[in-house]
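The values are calculated or read from the model by the stated rules, or taken from the named source; none is laboratory data. Since this is a predicted model, take the numbers as computed values, not measurements. Using ideal geometry, Cβ is built from the backbone for each residue, glycine included, and neighbour counts are taken over all protein chains shown.
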Amino acid sequence: MERQGARRRPTATLQAIASHAVLALAASLALYPVLWLVFISFKSKEQYLAGKLFLSWPLHLEPFSGALRGGRFFLWLMNSGILTTAAVLLCTAVAFLAAFALAKMRFAGRRLFLDAIVSLMAIPIVVLIVPLFVLYTRLRLMSSYQGMILMYAAVCLPFSVYLLTNFFKTIPDEIMEAAVIDGAPVFRILTRVVIPLSGPPIVTLIVVNAVWVWNELLLALVFLPKDGLRTLMVGITVFKSRFNLDISVTMAGLLLTTLPIVVLYIVFQKFFIRGLTEGALKA
């Protein structure tokens with residue numbers, strides 16, 4: 001027994017080293033673009049031409065001031081904030097009600113309806129651009145907050161319904177039945193029972209959908225052609241073509257663009273991880 005235990009220890013040690021090496025390599029590959037973005041953001045044009053890797057001394061803040069002065073940065077920031085907040089709230093509210101009905105109510109075609117919603121997750125957004133463009137032109141929703149909010153909420157809805165439905169299935173039916181016996185209506189059950197239990201998955205949805213809407217480029221580029229309605233990502237794209245000779249200014253603008261999402265994730269990180277482990281991966 002002692003010999004077998006001695007043999008297993010080196011094997012387990014080698015497996016642990018190999019696992020850590022793979023994780024370290026994956027982390028390095030993921031962090032490299034971020035570090036590259038940060039390094040270039042603090043370089044002057046001469047420092048960037050001299051070397052693109054590592055920080056250069058002294059650090060320069062001129063790229064950030066150039067990014068804030070160039071274009072309409074704060075207007076684009078406000079547009080992104082409005083669209084992201086409204087679309088995520090609308091999507092979360094609709095997904096919450098739909099997922100509760102699919103998970104806890106009995107009606108004909110429930111399984112077929114859920115399968116149809118989940119199948120929408122496999123449709124690429126590029127395929128929808130032409131029909132949506134024709135539809136929005138006829139409905140006069142082009143270049144409008146309302147049109148983009150509805151579009152973003154609809155794109156995020158299939159995944160949101162799928163995630164919340166799987167979580168609601170893990171809530172014991174006895175809790176709902178006890179509330180019904182006490183005479184609580186459906187709305188009170190939702191507000192007093194379901195919502196307090198659904199904090200982590202709802203926060204997970206808010207973070208995931210907010211990150212996607214904030215970073216979305218293609219739909220905003222097509223359906224918001226007016227300069228005053230551009231999102232921050234679209235504005236940075238135009239900003240890049242306008243300042244294509246000063247890469248440091250462009251990188252500084254991109255770094256400023258990522259900061260709100262990083263702060264959002266850091267604030268809700270604990271709830272985000274709990275939401276993934278408590279219901280998102282359960283069928």
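Annotations for the structure displayed:
- Residue match in the range 125-145 (condition: assigned by TED's automatic domain parsing to the domain that holds residue 210, modelled with pLDDT under 85, more than 22 Å from the chain's Cα centre (by Cα) and of a type in the set (A, V, I, L, M)): no
- Filter result (touching a helix residue (DSSP H, G or I) at 6+ places or on another chain (Cβ under 6 Å), assigned to a loop (DSSP other than H, G, I, E, B) and either of a type in the set (Lys, Arg) or at pLDDT 90 or above (or both)) within the range 208-240: 230
- Close pairs (9 angstrom Cβ cut-off, 6 or more residues apart or separate chains): surrounded by 13 or more Cβ atoms within 10 Å (Cβ to Cβ) in the range 163-182, among the acidic types (Asp, Glu) anywhere: 167/278; 170/278
- Within the range 40-65, tally of residues that are over 28 Å from the mean Cα position of the chain (by Cα) and assigned to a helix (DSSP H, G or I): 7
- Any pair with Cβ under 8 angstrom, 6 or more apart, that starts in the range 127-148 at a residue that is closer than 23 Å to residue 81 by Cα and ends at one that is of a type outside the set (S, T, N, Q) and assigned to a loop (DSSP other than H, G, I, E, B): 136/142; 142/225; 143/224; 143/225; 143/226; 147/141; 148/224
- Residue check, residue 141 among the aliphatic types (A, V, I, L, M), in a loop (DSSP other than H, G, I, E, B) and surrounded by 13 or more Cβ atoms within 10 Å (Cβ to Cβ): yes
- Qualifying position, being assigned by TED's automatic domain parsing to the domain that holds residue 186, part of a helix (DSSP H, G or I), within 25 Å of the chain's Cα centre (by Cα) and within 30 Å of residue 194 (Cα to Cα), among 83, 112, 77: 83
- Applying the condition of being surrounded by 10 or more Cβ atoms within 10 Å (Cβ to Cβ) and among the aliphatic types (A, V, I, L, M) to the range 30-51 and asking which residue is nearest to residue 66 (Cα to Cα) yields 40.
- Test for residue 254: is it closer than 17 Å to residue 82 by Cα and at pLDDT 80 or above: no
- Selection count, the range 191-209, where residues are surrounded by fewer than 16 Cβ atoms within 10 Å (Cβ to Cβ) and over 20 Å from residue 269 (Cα atoms): 2
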